[in-house]
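Student: Sharing a structure here in structure tokens format.
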Amino acid sequence: MIRSNFIVFSYTIGDRASVSNQTTISILIHNRYIILSPSIRSFLLQSNNNHILDTPIEFLPGVGPARALTLKNELQIFTFRDLLYQYPFRYIDKTQFHRIVDLTEESGAVQIKGVLRRVEILGEGKAKRLSATLRDESGVIELVWFQSIHWLEKNLFVQKEYVVYGKVSWFNNSPNLSHPEIEMVSAENTALAPTFDPVYPSTERLHQKGMDAKARRKLMRALFEKLRGAAPVDESALNLPENLPDYLTERFRLLKRAEAMLKIHFPTAPEELEAARKRLKFEELFFLQLKLLRYKLRRNEQTRGFVFDQVGDYFNDFYTNHLPFALTGAQKKVIKEIRRDMGAGKQMNRLLQGDVGSGKTIVAFLCMLIAAGNGFQSCLMAPTEILAQQHFISISALAEQIGLTVSLMTGSIKGKKREERLLNLASGAIHILIGTHALIEDEVRFQRLGLAIIDEQHRFGVEQRARLWKKSTPSPPHILVMTATPIPRTLAMTLYGDLEVSVIDELPPGRKEIITTHRNENHRLRVIGFMREEIAKGRQIYVVYPLIEESEKIDLMNLMEGYDSLSRDFPKPDYQISVVHGKMKAADKDFEMQRFIKKETQIMVATTVIEVGVNVPNASVMIVENTNRFGLSQLHQLRGRVGRGADQSFCILMTGFKLSADARERIKTMCATNNGFDIAEADLKLRGPGDLEGRMQSGVLNLHLADLAKDQRILQVARETALEILDADPHLQLPEHRRLLDYLMGMSQNEKTWARIS
Ligand code: ADP
Ligand code: MG
């Protein structure tokens, strides 16, 4: 064990590893220290290949073992590099202070310099707080903290000068700051002459351990001293090798890497900060694109795919004799793209984007027919049992007409039934397998899997896709990933930058725009009246409640109360109501779903289990309860459950009276547009990419600085540049691309296998 650790360690420190790999690397280093004796440690540290940035953080002056531990635990800072890459999230502009007398309701976040006049603990229990008064030459302002009260009380000193930063609120016509950042004004070391002080992400523990803003700045200075010390002289005399070719930094007028690093931590003017940001953002996005495009290139070069050289009889028969409707132009275009991919001898990795209701299922089915026509099996993997079930029903109905066998595989299919299906799958008797993630279990073996389709992509983790990829030999199956959550262009370019993309940008004809309105409790009676009218017309209605895991019990209660009150408003026997929620057994859920599909019930009360993909064309009203608790894309998904038939459909967003600004914005967006791509853009702007990214598949992007909502232009340029370079020099063998290759090698040292998987 020690041996293998040793190998991993020496291997790791020998490269200029990328930011994205640091945690892993650092943990190894960390563990290493637990295991190794000091002599081996220093031997390792002297290794020539070892860049100074790989040095463990405890070797930085000012960081002892105790502080190192805190930095590791609190901020995942293990090495010099980790410290370097944690950029300030804000800068204290020491030239700009607000005067207290000038503060208004609209001031927002402000920075004030003043003398602390009073510090005392007030109140009891929950109202217990630390209250202080800060005075500048124009007036006084109250500062309040509800946490770390005792620590702050001990560490704040009256009559001393402080800089505070926080959001102004008003109480009885006086301004106050609650939980402001606060720092004593002192004659700090000004070697690097900042007029802007960097402020780093921090935690309460760090503060308690004396690692406040000031201490962090000190560490940064120490780090830059270290980088300066060992440097072969370059422009700013820092040992931070350039990773972009000179022609690129010149073409885009970018700062050199070393200069940018220095200036992002210690800018002396706003323009410097801007220039540093621009350079580092470009670098992040450019290497990400280069990496993704290289995967794609390599995959195309190395992975042979099954060749589906004909559309085959199944396709032709179905297309001429059984197609239930004329395909839209967009559906035809997409099928052509997929056909071309699958016939080309390459392994397809394609993302199919199409708004809810745009008709992806039939596209998937037609592709499966091509696979079958070429003698291959296919599978369709859905994120929930209900959805798998529904796909199974609609696809079996289609497949029956041309004599193909479809089967279902989910977690709840057990025993004999399961064994039988597994046998038929292995023998090739089953042509199309539909299922949940149960599909990827090892015991599910295909005779000859040629096409794997993944519906509603974002519910699947990368590992799951990796396992699917391995289900077929000698080539991996063609892979089609379908998503109904339109992805903003920037996100598609980054998350799926190595996939080909097809878009269904047209809805089947005859669809009416769904009318969306916002209602509150005052409108409840009218909403109920409206529901009755719609039911009288023979329509069906969804009523959806949020379900968020931490408050599951309360949510379930909300749902049951909602159900009870609906049962009073819509009494039996005239009305029938279905309930479906996550706590129910699959069979019960299915039973209720079926009742609704068969129109035996008029109202479906549900949690978000129905969010994805459920198709009941007769349902024309979607009522969302506690709308404020849903995110935009979730709301859009929910709304997509209606408007699937020819009837005018409605979406009613219910809320209480009080709404946050964000919730208001989401509701406004929903009422204003039905276009999924517009909604995705709004979502990206409201929530920030981190959140979206996490929801879709975490860990693919590792952006410290670049913001996919705001930096679309840089991303575009980064991608174009990466494409241009790989076009001219696919293997990065030209001398001017040496730095790129070196840097990428560093990045890829620790890359996981999923990288090769779409
Ligand atoms: P999604 O893209 O959300 O998966 P579906 O494939 O479930 O959408 O299709 C939504 C509905 O539209 C289904 O009832 C389907 O039969 C119908 N549909 C799909 N394509 C067409 C078309 N070209 N013309 C008419 N109806 C269509
Ligand atoms: Mg679908």
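Student: In terms of the Cα gyration tensor, with a ≥ b ≥ c the square roots of its eigenvalues, is the stretch 553-634 rounded because a/c is under 1.5, prolate because a/b exceeds b/c, or oblate?
Tutor: Rounded is the answer for the stretch 553-634, as its axis ratio a/c remains below 1.5.
Student: What Rg and what Dmax come out for the stretch 523-676 when only alpha-carbon atoms are used, in angstroms?
Tutor: Looking at the stretch 523-676, its Cα Rg and Dmax stand at 14.7, 43 Å.
Student: I've got another one for you. Compute the whole-percent fraction of alpha carbon pairs in the stretch 258-374 spaced more than 18 Å apart.
Tutor: Everything past 18 Å amounts to 66 percent.
Student: Ranked highest first by the average count of other Cβ atoms within 10 Å around their residues, in what order do 320-328, 290-298 fall?
Tutor: My ranking of the peptides, most packed first, is 290-298, 320-328.
Student: Something else about it: So with the 1.4 Å probe, I'd like the accessible area per residue for the stretch 124-213, rounded to whole Å².
Tutor: 56 Å²
Student: Let me make sure I get this right: for the stretch 373-430, a, b and c are the square roots of the gyration tensor eigenvalues over alpha carbons, sorted descending. Under 1.5 in a/c it's rounded, otherwise prolate if a/b > b/c, else oblate. Which is it?
Tutor: oblate
Student: Oh, and also: May I ask you to evaluate 6.51 cos²θ - 1.76 cosθ + 1.60, the Karplus curve with θ = phi - 60°, for each residue of the stretch 135-149 and list the ³J(HN,Hα) values in order in whole Hz, giving x for glycine and proline?
Tutor: 10, 10, 5, 9, x, 10, 9, 8, 10, 10, 10, 10, 10, 6, 4
Student: Express the carbon and sulfur contribution to the solvent-accessible surface of the stretch 474-571 as a percent, rounded to the nearest whole number, probe 1.4 angstrom.
Tutor: For the stretch 474-571, the apolar C and S fraction of the accessible surface comes to 53 percent.
Student: In addition: Please report, as a whole percent, how much of the solvent-accessible surface of the stretch 284-395 comes from carbon and sulfur atoms (probe radius 1.4 Å).
Tutor: Roughly 50 percent, rounded to a whole number.
Student: Shifting gears a bit: Please compute the per residue accessible area over the stretch 277-396 with all protein chains in place, 1.4 Å probe, rounded to a whole number of Å².
Tutor: Per-residue accessible area for the stretch 277-396 comes out at 34 Å².
Student: While we're looking at this one, here's another question. P(r) for the stretch 166-325, please, calculated from all Cα pair distances in 10 Å bins and given in %.
Tutor: Computed distribution, short to long bins: 8, 21, 22, 16, 11, 8, 9, 4, 0.
Student: As an exercise, identify the chymotrypsin sites (Phe, Trp or Tyr not before Pro) in the stretch 103-205 lying in DSSP coil whose Cβ has no more than 11 other Cβ atoms within 10 Å.
Tutor: Passing both the DSSP loop test and the Cβ count: Phe157.
Student: Can you check what the Kirkwood hydrodynamic radius comes to for the stretch 90-178, Cα pairs only, in Å to one decimal?
Tutor: 13.5 Å
Student: Averaged per residue, what accessible surface does the stretch 630-675 expose to a 1.4 Å probe, in Å²?
Tutor: On a per-residue basis, the stretch 630-675 sits at 37 Å².
Student: Ranked highest first by average number of other Cβ atoms within 10 Å, how do 241-253, 631-643 line up?
Tutor: Highest to lowest by the protection proxy: 631-643, 241-253.
Student: Which peptide among 444-455, 409-420 comes first, and what is the full order, when sorted by highest mean count of other Cβ atoms within 10 Å?
Tutor: 444-455, 409-420
Student: Under Stokes-Einstein, with the Kirkwood radius over Cα pairs standing in for Rh, what whole-number D in µm²/s applies to the stretch 339-407 at 4 °C and 1.567 mPa s?
Tutor: This corresponds to a translational diffusion coefficient of 98 µm²/s.
Student: If every alpha-carbon in the stretch 477-609 counts as one equal scatterer, what log10 I(q)/I(0) does Debye give at q = 0.11, 0.21 1/Å?
Tutor: -0.60, -1.26
Student: Continuing with the same structure: Using the scaling law 2.2 N^0.38 Å as the reference, what is the normalised Cα Rg of the stretch 603-682?
Tutor: Against the empirical 2.2 N^0.38 Å value, I get 1.06 for the stretch 603-682.
Student: Quick one: Cα centre-to-centre distance for the stretch 374-390 and the stretch 309-349, in angstrom?
Tutor: 18 Å
Student: List the GluC sites (Glu not before Pro) within the stretch 527-635 that fall in a DSSP loop (any state other than H, G, I, E or B) and whose Cβ has at most 14 other Cβ atoms within 10 Å.
Tutor: Those that pass, being in a loop and sparsely packed, are Glu600.
Student: Calculate the radius of gyration of the Cα atoms of the stretch 304-435 to one decimal place, then report Dmax, the largest Cα-Cα distance, as a whole number, both in Å.
Tutor: Cα only, the stretch 304-435: 14.9, 45 Å (Rg, Dmax).
The values are calculated or read from the model by the stated rules, or taken from the named source; none is laboratory data. These figures come from a predicted structure and were not determined experimentally. No Cβ is skipped: glycine too gets one built from the backbone with ideal geometry, and neighbour counts run over all protein chains shown. Ligands, DNA and RNA are excluded from the accessible area calculation, which covers all protein heavy atoms including side chains. Shrake-Rupley method; radii C 1.70, N 1.55, O 1.52, S 1.80 Å.
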